[in-house]
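Reading through the structure tokens given below for one structure.
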Amino acid sequence: MEKDTWKNRVLTGSLWGILLANVLLLILPGAQSLEKNSTARQWRGLQVLDSRWSPYGNVTVGRREEQLTFFANGVPICNAPVPDIARVEEMVHYPLLFIPSPRRVLIIGGGFGGVIGEVLKHPVGEVHYTEIDPLVIRMIQENLTPLTRPEIENPRVHIHNLDGRLFIKTAPEKFDGIILNLPSPSTLEVNRYYTVEFFSEMAKSLSGGGVLSISIPGSETYLSPELRDLNLCLIRSVREVFPFVQVIPGDVNFVLASASKDSGPLLPELFIGRLRDRKIATHFLTEFQIRLKLEAQRQNWLEGSLQRGDAVKLNRDANPSGLYYGIAYWNAQFHPIVQIVWGKVRGLHLWHLAFLLFFLTCGALPWWRKSEEEGAGGVLICLVVTSGFFGIAFSVLLILSFQTLYGYAYHWIGLLIAAFMTGLALGSWTMTRSLEKIRNFFRTLVGVEILMVLFATMGIILLAFLYSPGWGQKILSGMRSAFLLLSGLSGFLVGLEFPLSSNIFSRRGEGVTRTAGILYAADLLGAWAGSLLVGVLFIPVLGILRTCAVILFLKLASLSLIVIMGRPLGRQEKKRPGKTATAR
């Protein structure tokens, strides 16, 4: 007993020491110096001029000689005063020269650092640029260069601190040109700008004869299978919406799309003539370069290379396959060993997972039947694992669905997570208060599992309705609170189950500490697996609705185990009550 008391005192003293050390680091004068040194080590090779945080992430300004680079969450978004001249000129001038008279132009992503400057060389009346993080604009204003000053001070430039997808939904006027300047879809956040649904929204925002321009990684000589599939996925998704789509091949493939069926072919003389008429000075995009890029031989080579991939899926909000191909391309460049595994999961289907769950459920029963008491404990542990998976998986699905359906989620992510945690606490509190009144714990546990199955079924139906192009899209404005309700309800169901499972588990004669430790570890294991598998594997490969079906099958499997193991679980209630572990 004295030994345990000594250990508790040491643990308590260590925790207080850690807390005191953190407080001193925050209030002592050396804290800023420590942060500055750690930031400098993080950005080796750059002189860090400034680094700040906003609700949207970190923004850092680094200098190398006379060149400034602005980073948003580690990704370079602006180089000044010397940008990537070749890429910037091609990105801007190909679409705007194809338009007879561009007046209103929209830039989504990466406007400052050359793109806006090149757009202003055309006879445009308004240039609209969407940037969700005001800190990015503020940092550029505080570190002006000869390139960015004219861009940010020009009266024709209108900056909108909005998510680009939300701006498209709410913009009252149409645009002659839309330039999408974003990296390839290797994250869920970026992928939603390359879906069929978003291309449809941009098509509605284009004026007659207006042009959309997107850029995709390419190659002058060889398209690897991963690069080919990424290009095919995005190009076919554009063609699903726009009747006119042409690709200008190169190290970066520029895709020009128009809703007008009367748009003519990409003739070099057309671009060269308008370049002369508008008296636009360029460094890279010369007449020779235009003729070279638009050679028929290059076009035919690219079309022939892309025809080799027939099984590529379209990129949609509910089925973000572009994310899969983006990750595959990234892995092929930097993680070839991981790419071997990633290439295998491409053929994963819903029935594979359903069969796997059925096999594991049937395979576990004979082993657990040999020792009914141990089997009952194993069923409870599996139950808590699946509930942890259920809770985190639905949290990820609801946040992603909200982001894709409404065009933004930054301020709502905190609300959705808070709703889930509130539901979790309320569910645990409700069940803890009700334990003394429950006469049959086994039936109550089965009832909670049935509620989770019904919730997963309802989630599939509701999301399928909201993702549908018909009525679901028309009622979205009144459904924001429903997402909070769903998030809170999923947390409430998980919260109900943990105290109940702990109570039944502890009746096996386990102590409070052991019961809480085992089941809490099981809950964390399920949550870890849910966040990893759902966010990284299931959503890119299966899509939103099939991922919901996976969660449904998982809870059906756990419900089946409980029903089949009902006798040994029921006998646990007849044992001595003892102390129970009800805190989550």
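Below, the figures for the structure above:
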{"read-out": "Residue order, fewest to most beta carbons within 10 Å, for LEU106, LEU398, LEU275, LEU19", "value": "LEU19, LEU275, LEU398, LEU106"}
{"read-out": "Using a Förster distance of 41 Å, the FRET efficiency for LEU348-THR430 (Cβ separation, nearest 0.05)", "value": "0.60"}
{"read-out": "Selection from SER487, PHE442, ASN231 lying farthest towards where the dipole of the chain points positive, charges on Cβ", "value": "PHE442"}
{"read-out": "Cβ-based charge dipole, the chain, positive-most Cα from LEU180, PHE355, LEU46", "value": "PHE355"}
{"read-out": "Highest to lowest packing among 301-307, 89-95, scored as the average C-beta count within 10 Å", "value": "89-95, 301-307"}
{"read-out": "Descending Cα extents along the principal axes, the stretch 189-247, whole Å", "value": "36, 25, 15"}
{"read-out": "Dipole magnitude of the chain about its Cα centre (Cβ charges: Lys, Arg +1; Asp, Glu -1), debye to nearest 20", "value": "1940"}
{"read-out": "Net dipole in debye of the stretch 125-244 [+1 Lys, Arg Cβ; -1 Asp, Glu Cβ; about Cα centre; nearest 20]", "value": "240"}
{"read-out": "Residue exposure sequence - SER501, SER263, SER321, SER224 - by fewest surrounding Cβ within 10 Å", "value": "SER224, SER263, SER321, SER501"}
{"read-out": "Cα shape, the chain, gyration tensor, a/c 1.5 rule", "value": "prolate"}
{"read-out": "Other-chain or far-sequence residues with amide H under 5 Å of HIS158's (modelled H)", "value": "VAL127, HIS128, TYR129"}
{"read-out": "Farthest positive-ward along the chain dipole, Cα basis, beta-carbon charges - from LEU266, ALA296, PHE505", "value": "PHE505"}
{"read-out": "Net charge dipole size for the stretch 84-331 [Lys, Arg +1 and Asp, Glu -1 on Cβ; Debye, nearest 20]", "value": "460"}
{"read-out": "Listed pairs LYS437/LYS555; LYS169/LYS279; LYS293/LYS344; LYS169/LYS293; LYS121/LYS293; LYS36/LYS169 exceeding 30 Å between Cα atoms", "value": "LYS169/LYS279; LYS293/LYS344; LYS169/LYS293; LYS36/LYS169"}
{"read-out": "Burial ranking of peptide ranges 148-158, 532-542, 241-251 (average Cβ count within 10 Å, highest at the top)", "value": "532-542, 241-251, 148-158"}
{"read-out": "CD proxy at 222 nm, helix term only [per DSSP H run n ≥ 4: -39500 (n - 2.57); per residue of the chain; nearest 500]", "value": "-19500 deg cm²/dmol"}
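Bear in mind that the values in this text are calculations on the coordinates, not laboratory data. Quick caveat, the model's predicted, so the values are computed rather than measured. A quick note on method: Cβ atoms are made from the backbone with ideal geometry, for glycine too, and the neighbour counts reach across all protein chains shown.
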